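Step one of this worksheet: look at the structure below.
The values are calculated or read from the model by the stated rules, or taken from the named source; none is laboratory data. These numbers come from a predicted model, not from an experiment. No Cβ is skipped: glycine too gets one built from the backbone with ideal geometry, and neighbour counts run over all protein chains shown. Just the protein is used for accessible areas: all its heavy atoms, side chains included, with ligands, DNA and RNA removed. Shrake-Rupley method; radii C 1.70, N 1.55, O 1.52, S 1.80 Å.
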Amino acid sequence: MNSLNNTAAINLLKLKYCCFIVWLISSFNSAAQQQSISIQSKLLYAKQVLKLNQWLYNSPHTDSIMLTNVQFYLSKIELLNNGKIVWQEPNSYHLLSADDSNSLRIQLSTPANIPFTSIRFHIGIDSVTNYAGAQGGDLDPTKGMYWTWQNGYINCKLEGKSTQCNTRYNEFTFHIGGYLFPDNALQTVNIPCNNTNTVDLNIDITKWFDGIDLSKQNHVMSPGQEAVLLANKLVTLFSIPQK
């Protein structure tokens with residue numbers, strides 16, 4: 001009887017060992033069939049790397065400006081090859097913050113050797129996700145990008161000071177959001193790029209202030225047509241660096 005038990009135990013051990021080897025080979029093959037693509041964003045102001053809480057020269061209006069907070073969501077990241085979607089990131093929600101350099105690097109795990117000629121993404125959060133209410137991760141309301149008073153995400157925040165602002169402490173505040181028709185502020189960006197493991201993105205905040213007179217327009221904190229018009233400017237901020 002003991003001999004039979006020993007044989008069964010040895011066979012079970014061999015079976016477990018074989019299963020482990022199969023799992024190991026499967027995991028290795030699966031990893032080998034994946035590749036990592038990085039989206040590295042650089043925030044700029046007047047062609048310089050943006051630094052918060054420093055006075056900057058605001059050339060469109062020949063005054064000084066200080067940015068104290070810059071945050072926005074990138075979501076629904078897709079890779080396209082000649083206009084056809086070849087990959088979509090699942091659960092694609094990323095909060096980029098000027099005060100957190102790690103947030104400016106997005107790591108994508110895609111099939112290996114996937115060809116693509118452009119990258120597409122949303123600036124902001126889509127209506128379906130907004131309808132679902134507050135969520136976790138980068139969508140956690142503790143990130144400060146959720147309007148509890150109207151149950152919706154803020155797509156973009158730009159806060160700071162300008163000598164042009166006739167407000168308390170010369171402050172301006174732009175919280176851009178809204179997902180209900182006709183005040184849906186969600187924007188889509190499609191940027192041609194080379195098939196590479198690193199996609200560099202320039203985000204030129206200077207362009208946001210083009211055409212904005214901060215002495216008259218310096219406070220937007222709710223959905224509406226003014227927010228939609230300002231959201232339209234966000235698309236112009238993104239570009240691939242010239243080499």
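Given the criteria at pLDDT 95 or above and of a type in the set (A, V, I, L, M), does Ile114 qualify? Reasoning before the result, please.
Values: at pLDDT 95 or above: no; of a type in the set (A, V, I, L, M): yes.
Criteria not met by Ile114.
State whether the residues of the stretch 36-54 include one that is at pLDDT below 75 and of a type outside the set (Lys, Arg). Working first, answer last.
Looking only at the stretch 36-54, we keep the residues that are at pLDDT below 75, and these are none.
Looking through the stretch 36-54, none of the residues is at pLDDT below 75 and of a type outside the set (Lys, Arg).
Identify all residues within the stretch 121-158 that are of a type in the set (D, E, K, R), under 26 Å from Asn190 (Cα atoms) and out of contact with any His (no Cβ under 8 Å at 6 or more places or on another chain); write none if there are none. Talk me through it step by step, then tell me what you get.
First, the residues of the stretch 121-158 that are of a type in the set (D, E, K, R): 126, 138, 140, 143, 157.
Now narrow it down to the ones that are under 26 Å from Asn190 (Cα atoms): 126, 138, 157.
Hit for the stretch 121-158 is Asp126, nothing else.
Within the stretch 89-146, take every residue that is of a type in the set (Ser, Thr, Tyr) and assigned to a loop (DSSP other than H, G, I, E, B) and give me the one that is least open to solvent (accessible area, probe 1.4 Å).
First pass over the stretch 89-146, keeping only residues of a type in the set (Ser, Thr, Tyr): 92-93, 97, 101, 103, 109-110, 117-118, 127, 129, 131, 142, 146.
In the following step, the residues that additionally are assigned to a loop (DSSP other than H, G, I, E, B) were identified as 92, 117.
Values: Ser92: 7, Thr117: 52 Å².
The selected residue is Ser92.
With the condition kept exactly as written, say whether any residue in the stretch 176-184 is β-branched (Val, Ile, Thr) and at pLDDT 95 or above.
Restricting attention to the stretch 176-184, the residues satisfying the condition of being β-branched (Val, Ile, Thr) are 176.
Applying the additional criterion that residues be at pLDDT 95 or above yields 176.
Yes, that holds for at least one residue.
Which numbered condition in (1) open to solvent by 50 Å² or more (accessible area, probe 1.4 Å); (2) among the polar types (S, T, N, Q); (3) out of contact with any helix residue (DSSP H, G or I) (no Cβ under 7 Å at 6 or more places or on another chain); (4) closer than 23 Å to Thr68 by Cβ is the only one that Gln217 fails?
(1)
Is it true that some residue in the stretch 147-156 is closer than 25 Å to Leu43 by Cβ and open to solvent by 30 Å² or more (accessible area, probe 1.4 Å)? So that I can check it myself, show each step before the final result.
The initial filter retains those residues of the stretch 147-156 that are closer than 25 Å to Leu43 by Cβ, namely 147, 152-156.
Okay, now just the ones that are also open to solvent by 30 Å² or more (accessible area, probe 1.4 Å), so none.
No, the stretch 147-156 contains no residue that is closer than 25 Å to Leu43 by Cβ and open to solvent by 30 Å² or more (accessible area, probe 1.4 Å).
Matching residues to (1) among the polar types (S, T, N, Q); (2) touching a residue at least 40 places away in the same chain (Cβ under 8 Å); (3) farther than 29 Å from Leu56 by Cα:
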residue: Ser109; (1), (2), (3): yes, yes, yes
residue: Asn113; (1), (2), (3): yes, yes, yes
residue: Ile119; (1), (2), (3): no, yes, yes
residue: Gly133; (1), (2), (3): no, no, yes
residue: Met145; (1), (2), (3): no, yes, no
residue: Asn155; (1), (2), (3): yes, yes, no
residue: Glu159; (1), (2), (3): no, yes, no
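Starting from the stretch 62-88, keep only residues that are open to solvent by 50 Å² or more (accessible area, probe 1.4 Å) and at pLDDT 95 or above, then list their pairs with residues that are part of a strand (DSSP E or B) and of a type in the set (Phe, Trp, Tyr) whose Cβ atoms are within a distance under 8 Å, requiring at least 6 positions of separation or different chains.
Taking only residues 6 or more apart or on different chains, the pairs are Lys76/Phe121.
Restricting the stretch 161-173 to residues that are open to solvent by 60 Å² or more (accessible area, probe 1.4 Å) and touching a residue at least 60 places away in the same chain (Cβ under 8 Å), which is nearest to Tyr45 (Cα to Cα)?
Taking the stretch 161-173 and keeping what is open to solvent by 60 Å² or more (accessible area, probe 1.4 Å), we get 161, 163, 166, 168-171.
The next check asks that each one be touching a residue at least 60 places away in the same chain (Cβ under 8 Å); those that pass are 161, 163.
On the way: Lys161: 15, Thr163: 17 Å.
The qualifying residue nearest to Tyr45 (Cα to Cα) is Lys161.
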